[in-house]
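Here the structure comes first, spelled out in structure tokens, and everything after it is commentary.
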Amino acid sequence: MSLNGSDVMSPILDEHSLECPSHSPEQTRRLGVRLGELLRAGDLICLEGTLGAGKTCLAQGIGRGCGVTETLVSPTFTLIREYERPQNGLALYHVDLYRIAGVQEALGMGFEDYLSEPTAIALIEWPERVKALLPQERLWIQMRYIDGNKRILLFSAQGARYETLLREFRKRAFGV
Ligand SMILES: Nc1ncnc2c1ncn2[C@@H]1O[C@H](COP(=O)(O)OP(=O)(O)OP(=O)(O)O)[C@@H](O)[C@H]1O
Ligand SMILES: [Mg+2]
């Protein structure tokens with residue numbers, strides 16, 4: 001099954017988006033590693049999807065790809081975890097907004113400081129809770145539970161930086 005209604009293998013939907021299946025947690029982590037290897041300080045990656053869709057699994061791959069040596073764990077009870085990327089001393093923020101009721105509560109915890117930190121990469125689970133606070137330019141990844149171990153990942157780039165990032169990722173992960 002495919003979100004674009006075909007079984008064609010090409011992951012490309014249009015110049016701003018691509019869609020691909022994952023058949024296992026390992027495959028999702030591998031996709032995350034490919035993406036993580038391309039990230040730079042200042043990048044914002046939003047991970048949308050229902051409970052258990054695989055957002056944290058993808059985030060673990062992204063963390064590994066961008067040089068975090070610890071394994072990312074779900075930040076659900078802490079909201080934000082900060083990881084060091086030892087090769088350059090910069091940080092990765094892993095944010096989980098599941099327990100946040102909305103924009104006011106996010107502002108109350110200083111959420112916007114994590115978005116405006118130019119030396120860090122920010123990964124946000126449940127970003128739709130604070131959509132109004134997010135910069136327009138970002139990579140948005142929607143994960144859909146299909147069944148068992150199957151998921152569909154839909155990547156959408158907004159802004160020039162993220163269009164470039166998505167093209168690089170496409171080449172790296174799919175060779176096209
Ligand atoms: N293809 C797949 N990709 C990702 N995870 C998968 C896949 N198949 C099965 N899983 C399983 O689904 C679960 C995904 O859990 P994960 O914590 O990553 O979800 P989540 O979207 O972060 O959920 P939450 O909203 O609770 O934080 C894991 O138990 C993982 O092993
Ligand atoms: Mg999670």
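The values are calculated or read from the model by the stated rules, or taken from the named source; none is laboratory data. In this text the structure is predicted, and so the values were computed from the model without any measurement. Reconstructed Cβ throughout: ideal geometry from the backbone, glycine too, with neighbour counts over all protein chains shown. Keep in mind that these areas ignore ligands, DNA and RNA; they rest on the heavy atoms of the full protein, side chains included. Shrake-Rupley method; radii C 1.70, N 1.55, O 1.52, S 1.80 Å.
Think of the chain as having a plus end and a minus end, set by charges on the Cβ of Lys, Arg, Asp and Glu; of 54, 121, 132, 54 sits farthest toward the positive end of this dipole. Annotation: average projected area of segment 1-130 is 8.6 square nanometres, based on the convex hull of Cα atoms across all directions. Heavy-atom accessible surface of residue 69, to the nearest 10 Å², is about 120 Å², with a 1.4 Å probe and all protein chains retained. Fully extending the segment from residue 99 to residue 150, taken as 0.36 nm per residue of separation minus the present Cα-Cα distance, adds 15.8 nm. Within the listed set 41, 157, 120, the residue fluctuating most in the Gaussian network model of the chain (springs between alpha-carbon atoms under 10 angstrom) is 41.
Largest accessible area first, the residues 98, 93 order themselves as 98, 93 under a 1.4 Å probe with ligands, DNA and RNA left out. Excluding ligands, DNA and RNA, the accessible surface per residue across segment 104-151 is 50 Å² with a 1.4 Å probe.
A simple rule links phi to the HN-Hα coupling: the Karplus curve 6.51 cos²θ - 1.76 cosθ + 1.60 with θ = phi - 60°, which for segment 34-50 gives 4, 5, x, 5, 9, 7, 10, 3, x, 6, 10, 10, 9, 10, 9, x, 5 Hz, with x for Gly and Pro. Computed with the Debye formula from one identical point scatterer per Cα of segment 83-163, without solvent, the log10 of I(q)/I(0) at q = 0.12, 0.26 Å⁻¹ comes to -0.43, -1.29. Rolling a 1.4 Å probe over the protein chains gives residue 16 an accessible area of about 70 Å². Relative to the longest principal axis of the Cα atoms of the chain, helix 160-174 runs at roughly 50 degrees. Between residue 116 and residue 37, the modelled label-to-label distance comes to 3.5 nm, taking each label 7 Å out from Cα in the direction of the beta carbon.
On the protein heavy atoms, probe 1.4 angstrom, tell me the percent of accessible surface of segment 1-100 carried by carbon and sulfur. Numbers along the way, then the final one.
Values: 2430 of 4810 Å².
On segment 1-100, the fraction of accessible area on carbon and sulfur atoms equals 51 percent.
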